[in-house]
1. Of the residues that make up region 3-16, is at least one open to solvent by 90 Å² or more (accessible area, probe 1.4 Å) and either in a loop (DSSP other than H, G, I, E, B) or at pLDDT 95 or above (or both)?
2. Which pairs do you get when a residue that is within 22 Å of E198 (Cβ to Cβ), found in region 30-50, comes within reach of a residue that is assigned to a helix (DSSP H, G or I) and of a type in the set (S, T, Y), reach meaning Cβ atoms under 7 angstrom, with the pair 6+ apart or on two chains?
3. Against the condition in contact with a strand residue (DSSP E or B) (Cβ under 8 Å, 6 or more places away or on another chain) and either part of a strand (DSSP E or B) or under 24 Å from D133 (Cα atoms) (or both), how does L170 come out, does it pass?
4. Which numbered condition in (1) away from the ligand (no atom under 13 Å from the Cβ); (2) of a type in the set (D, E, K, R); (3) surrounded by fewer than 19 Cβ atoms within 10 Å (Cβ to Cβ) is the only one that R218 fails?
5. Here are S38, S66, S58: which of them is within 16 Å of the ligand (Cβ to nearest atom) and either among the small types (G, A, S) or under 23 Å from V313 (Cα atoms) (or both)?
6. Within region 225-245, is there a residue that is touching a residue at least 40 places away in the same chain (Cβ under 8 Å) and within 11 Å of the ligand (Cβ to nearest atom)?
7. Looking at A209, A308, can you tell me which residue is buried (at least 17 other Cβ atoms within 10 Å of the Cβ), in a helix (DSSP H, G or I) and modelled with pLDDT of 95 or more?
8. Of the residues in region 276-301, how many are of a type outside the set (S, T, N, Q) and open to solvent by 20 Å² or more (accessible area, probe 1.4 Å)?
Amino acid sequence: MTPETISRSDSFLSDVVHGLSQPRKTLPCKYLYDEHGSQLFDQICELDEYYVTRTEWSIMKQNAASIARQIDTQAMLVEYGSGSSLKTRLLLDALEQPRAYVPVDISEEHVLKTADGLRLAYPSLQVMPVIADFTQPFSLPDCEPPASHVVIYFPGSTIGNFPPPQAGGLLKQMSRMLGRDGGLLIGIDLQKEAGIIEAAYNDSAGVTAAFNLNVLQRINRELGSNFELDHFQHRAVYNRARHRVEISLVSLETQVVSLGNREVHFDAGEEIVTEYSHKYTVDGFATFAEQYGFSLHQHWTDQDHYFAVLHLVI
Ligand code: AVI
């Protein structure tokens, strides 16, 4: 183990211990995305019930030219949580290439593989991957010649996975990184009928359930705990008052799990909240982002108003 992997597993352990010691047990959702979790998430994106990806995709496709006009050739395009960068290819195809593309992702395997694929597809583009937890400050690489400004691309409604105070913290950090002339292109999932949302997070093939349960498998593997996966069940419910899906793992029985030198007790029916997925309105998000120095410049949506892509400027 390198010093870096030791400190990463230290903070994983302390985050897990902290989350499971709360009166309402939680786990930070970023830990859902190990290599297997990222693969399962890619499968979620292809599901019929999961309207999010294909709707954003169709918005990007239909409006690629006008969206691409917001990013000029001198810009450094920085993608937060790039994963497989699938939507980015649409953008890159529509753009006169930006100066550099910087995919930022916590999953090393994923981001390096994706960067290799992009270099092959766009040989003249500088692809400069950064392996980082984008919720923490990180530095941007230097490109040659230097970019005139930065445009952050944050698709997929990932902002929705942060409770508003954390989402605000992230917007604040982004506005600092952007500086003058910077822009933010962000995808947000819109409020809509609860049945449509709940179906998206309770798919009939059980992929979302496997994605959710995988975090326990990861804790077992990396932290040596002994969670029995079939003693927990996936749950995803839309909280209409808070406009968010609450995703959790429910303990099916009273049980005790060992974690390092600790024991974690679960009552039957007790939940571990693993993720929130907040749903916004365009105006609500624009007003929220104003507090952090952004103003809405333009937005694009689909005919059902399921999803929106916003261009915010500083
Ligand atoms: C990554 N993120 C936007 C997804 C969402 O829809 O909130 C994560 C997800 N969790 C379960 N299904 C999808």
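The values are calculated or read from the model by the stated rules, or taken from the named source; none is laboratory data. Only a predicted model underlies this, so the values are computations on that prediction, with no experimental measurement involved. Neighbour counts are summed over all protein chains in view; Cβ atoms, including those assigned to glycine, are modelled from backbone coordinates with ideal geometry. To get the accessible areas, we keep the full protein, side chains included, count just its heavy atoms, and leave off ligands, DNA and RNA. Shrake-Rupley method; radii C 1.70, N 1.55, O 1.52, S 1.80 Å.
1. Within region 3-16, not a single residue is open to solvent by 90 Å² or more (accessible area, probe 1.4 Å) and either in a loop (DSSP other than H, G, I, E, B) or at pLDDT 95 or above (or both).
2. Pairs found: I44/T208; C45/T53.
3. no
4. (3)
5. When all the criteria are applied, what remains is S38.
6. Scanning region 225-245 turns up at least one residue that is touching a residue at least 40 places away in the same chain (Cβ under 8 Å) and within 11 Å of the ligand (Cβ to nearest atom).
7. Only one candidate passes the filter, namely A209.
8. 12
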